[in-house]
1. Only one of (1) under 13 Å from Cys18 (Cα atoms); (2) of a type outside the set (Lys, Arg); (3) outside any loop (DSSP other than H, G, I, E, B) fails for Ala115. Which number is that?
2. May I ask you to list pairs of residues, at least six apart or on different chains, whose Cβ atoms are under 7 Å apart, with the first in region 66-95 being closer than 26 Å to Ala10 by Cα and the second being surrounded by fewer than 22 Cβ atoms within 10 Å (Cβ to Cβ) and among the β-branched types (Val, Ile, Thr)?
3. So for region 127-135 (the condition being at negative phi, surrounded by 13 or more Cβ atoms within 10 Å (Cβ to Cβ) and either modelled with pLDDT under 95 or within 15 Å of the chain's Cα centre (by Cα) (or both)), does at least one residue qualify?
4. Please go through region 112-125 and pick out each residue that is in contact with a Phe, Trp or Tyr (Cβ under 9 Å, 6 or more places away or on another chain) and either of a type in the set (A, V, I, L, M, F, W, C) or under 23 Å from Val31 (Cα atoms) (or both).
5. Of the conditions (1) in contact with a helix residue (DSSP H, G or I) (Cβ under 8 Å, 6 or more places away or on another chain); (2) in contact (Cβ under 8 Å) with a residue 24 or more places away in the chain; (3) in a loop (DSSP other than H, G, I, E, B), Tyr132 clears all except one; give me its number.
6. Just to be sure, is Gln38 free of Cβ contacts under 8 Å to residues at least 24 places away in the same chain and closer than 21 Å to Asp12 by Cβ?
Amino acid sequence: MTEVAFHFNAPDKLAYVCRLARKATRHDMRVLITASRQDLQRLDRLLWALGPSDFVAHCLDDADEEMRQASAVLLAADPRSCGPRDLLVNLGDAVPQGFEQFARLVEVVSQSDPADRSRARERWRHYAAQGYAIVRHDLVLRGGD
């Protein structure tokens, strides 16, 4: 069964996901990040802007298959089209379809956006109703890392 975790109180969701992706790839994990197309493009730019020692090999889902396979991190609007990886990170508003094919799912929730927090509560209820044990990580208590 997929391990579901909610990372709450992210001051900047995209910046947090950059750090999360960097950390996961340093542990040899293959990551898929799902979000709206607009957020994926912003995240792509942020990942390219990381310093040389923080580089995260990544690509968008419209890259050729060779690039997709070579990239530790794949940015995709629809995770079902990408095949399983070690970790799925959801920045979207809804439960990502096909999340069950991943070993781990991380939901990232804003610190200051009430609408984002409300949608996260809906996703939490969905996972709980399906019998998933949910791990909660409060980023304010953990120092945002």
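1. All conditions pass for Ala115, except number (1).
2. As it stands, the answer is Ala72/Thr25; Ala72/Val56; Val73/Thr25; Val73/Val56, since those pairs meet every condition given.
3. Kept after step one, since they are at negative phi, are these residues of region 127-135: 127-130, 132-135.
After this cut, where a residue has to be surrounded by 13 or more Cβ atoms within 10 Å (Cβ to Cβ) as well, the list is 127, 132, 134.
Among the residues that remain, those that are also either modelled with pLDDT under 95 or within 15 Å of the chain's Cα centre (by Cα) (or both) are: none.
So far as region 127-135 goes, no, none of its residues is at negative phi, surrounded by 13 or more Cβ atoms within 10 Å (Cβ to Cβ) and either modelled with pLDDT under 95 or within 15 Å of the chain's Cα centre (by Cα) (or both).
4. Residues of region 112-125 in contact with a Phe, Trp or Tyr (Cβ under 9 Å, 6 or more places away or on another chain): 117, 120, 123-124.
Correct list: Ala120, Arg123, Trp124.
5. Just one mismatch for Tyr132, condition (1).
6. It is true that Gln38 is free of Cβ contacts under 8 Å to residues at least 24 places away in the same chain and closer than 21 Å to Asp12 by Cβ.
The values are calculated or read from the model by the stated rules, or taken from the named source; none is laboratory data. Because the structure is predicted, anything quoted here is derived from the model rather than measured. Here the Cβ is made from the backbone with ideal geometry for all residues, glycine too, and neighbour counts use every protein chain on show.
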